[in-house]
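I have placed the structure first, in the form of structure tokens, so that the comments after it can refer back to it.
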Amino acid sequence: MKNFKLIYLFLIVALIFNIQCGKAPNPGAELVWPAAPRTPKIKYVKTIYGQFDLERSFFGKIKDFFFGRSEGYKIGKPYGLIYDGKSKLYIADTSKKGILVLNLKTGTSNFFNDLGSFGQLEEPVYIQISNNNNIYVADTKLKNIAVFNEDYTFSHFIGKGGEFEGPVGMTFNQKDSMIYIVDTQDHRVKVFSQNGKLIKTIGKRGDEKGEFHYPLTIKIVNDTLYIVDSFHFTVQALDMDGNYLFNFGPKKAGAGNMARPRDIAVDSDGNIYVTDAMRNNIQIYNNKGQLLLKFGSEGNLAGQFKLPAGIWIDKDDYIYISDSINDRIQIFRYIASNEN
């Protein structure tokens, strides 16, 4: 009897993997940019609409076989996002007013927006994770940064004292753990310690070099601040003291023309990626602002976008992009120079 049970279990497991792994491969050609005969640099990987699109763990597949698989959380109007480098993809879901967490290894999900006695998140748009695994969420309606513990419980606010008009993008300086926060409505970058003390501000509203008109997001690369200056249709590069260095992508005729830049990320070769919500593409520049490549177009097929917003690139050069109107995340991969 015991041997029969073992054989029965083996057959069930084999059947599960036949169902999961025996699907016919996608007959379409690999989607890459630029197209042949040029050397490809960007490769399409997959699209995620929600938990159901994630690969399940071994035991998860067994559970699904016996009890069925629920659809779980679906993505709705994603904006900022970040991958923790281990297994979890955090997505600021503006339609659900919270943070959706997709575990790309186990196929499970979580959702959080509870602020305890302060209510809940109202308009979360951007996420960062500190070295001690605290989760920082910019909420433009609440006009502050909500900080959560690793277990998704609320910890404290940054900016509850009225320091912000409308925060959006943010990034940590890995050298001193300061957090640089773009206050879009106040047209400044504000630098805080992790305990919430305002250290300094950078820039102001204006049309001169080093001044901003509705800046959105920021990235620090090799002691340079790259700031998406949305209504100047450009990315400005400043030194760590806020002094202007150069800019790229200004609104003018040419292939590098930005229309509605939204977010910024950097790959392992130091190339800078900018999402453009109006052109529905991703523009790639070198660190001096020279346009290298564009990929994407308007639509809902793989490699197409409708208002792309947030972008994150992990240490393995996987590129995660919020395709906001299409209610999905698209994943690509940069083919680094040492791979060609």
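What follows is calculated from the coordinates using simple rules that are stated; it is not laboratory data. Bear in mind the structure is a predicted one, so any value in this text is a computation, not a measurement. All Cβ positions, even for glycine, are placed from backbone atoms using ideal geometry, and neighbour counts span all protein chains on display.
With the simple model of a label 7 Å out from the Cα in the direction of the Cβ, Leu245 to Ala29 spans 3.9 nm.
Counting neighbouring Cβ atoms within 10 Å and putting the fewest first, the residues Phe332, Phe52 line up as Phe52, Phe332. A Förster radius of 35 Å combined with the Cβ-Cβ distance from Asn300 to Glu122 puts the calculated FRET efficiency at roughly 0.80.
Between Met278 and Leu292, the distance separating the two model label sites (each 7 Å from Cα on the Cα→Cβ line) works out to 2.6 nm. 3J(HN,Hα) along the stretch 195-202: 8, x, 8, 6, 9, 6, 10, 10 Hz, from the Karplus curve 6.51 cos²θ - 1.76 cosθ + 1.60 with θ = phi - 60°, whole Hz, x for Gly and Pro.
How high is the FRET efficiency from Ala336 to Ser130, r the C-beta distance, R0 25 Å, rounded to 0.05? E(calc), rounded to 0.05, equals 0.40. Can you grab the distance from the C-alpha centre of the stretch 80-105 to the C-alpha centre of the stretch 266-340, Å, no decimals? Spelled out, the Cα-based centre of one part sits 18 Å from the other.
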